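Enquirer: Submitted below is the structure of interest, expressed as structure tokens.
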Amino acid sequence: QVQLVESGGGLVQPGGSLRLSCAASRIIFVAGMGWYRQAPGKQRELVASITSSGITNYADSVKGRFTISRDNAKRMVYLQMNSLKPEDTAVYYCNRGEHRGGFYYPRDWGQGTQVTVSS
């Protein structure tokens, strides 16, 4: 089991940018990684994932605005969030999982970091 710790959340104005970081306690070189978010009253959704080889996928709602990246040597995963909207407000969770058959299967979860987009 890998432990994941998110950081970088906070309050940002609409149209602003924010970078989330996720630190993993163990090697993640062979693992797929993802970022989920959950807003009050809504289901948790996968917003971005990245395979062990660096292939990225995004939810339609964030495509073109968010960028997921990883630094395996540093055991870090990042989510760059640009052109933020109030609807992006949620708790964001880092996750280690697996890519199988074109789908991402979550496994280990971080505790989450709050992102609030508001004036």
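Enquirer: Give me the extension gain from Gln1 to Asp60: residue separation times 0.36 nm, minus the current Cα-Cα distance, reported in nm with one decimal.
Expert: Additional length available on full extension: 18.2 nm.
Enquirer: Tell me the carbon and sulfur percent of the accessible area for region 47-110, rounded to whole percent, probe radius 1.4 Å.
Expert: Percent of accessible area from carbon and sulfur atoms in region 47-110: 47.
Enquirer: Quick one: give the max-minus-min coordinate of the C-alpha atoms of the chain along each principal axis, largest first, in Å.
Expert: The Cα atoms of the chain stretch 40, 27, 24 Å along the principal axes, largest first.
Enquirer: While we're on this one: Lys42: which lysines have alpha carbons under 19 Å from its alpha carbon, excluding same-chain residues fewer than 8 sequence positions away?
Expert: Straight-line reach from Lys42, under 19 Å: Lys85.
Enquirer: When the gyration tensor of region 1-61 is built from Cα positions, what are the square roots of 5 times its three eigenvalues, in whole Å, from largest to smallest?
Expert: The answer is 22, 15, 13 Å, longest axis first.
Enquirer: Then there is this: Per residue, how much accessible area does the chain show when a 1.4 Å probe rolls over the protein heavy atoms, in square angstrom?
Expert: Per residue, the chain has an accessible area of 54 Å².
Enquirer: Between region 15-69 and region 91-106, what's the alpha-carbon centroid distance in Å?
Expert: When both Cα centres are located, 9 Å separates them.
Enquirer: Give the shape of region 60-119 as rounded, prolate or oblate, defined through the alpha-carbon gyration tensor: a ≥ b ≥ c are the square roots of its eigenvalues, a/c under 1.5 means rounded, and otherwise the shape is prolate if a/b is larger than b/c and oblate if not.
Expert: Cα axes put region 60-119 in the prolate bin.
The values are calculated or read from the model by the stated rules, or taken from the named source; none is laboratory data. Computed from a prediction, not measured in an experiment: that's the story for all the values here. In case anyone asks, the SASA skips ligands and DNA or RNA and just uses the protein heavy atoms, side chains included. Shrake-Rupley method; radii C 1.70, N 1.55, O 1.52, S 1.80 Å.
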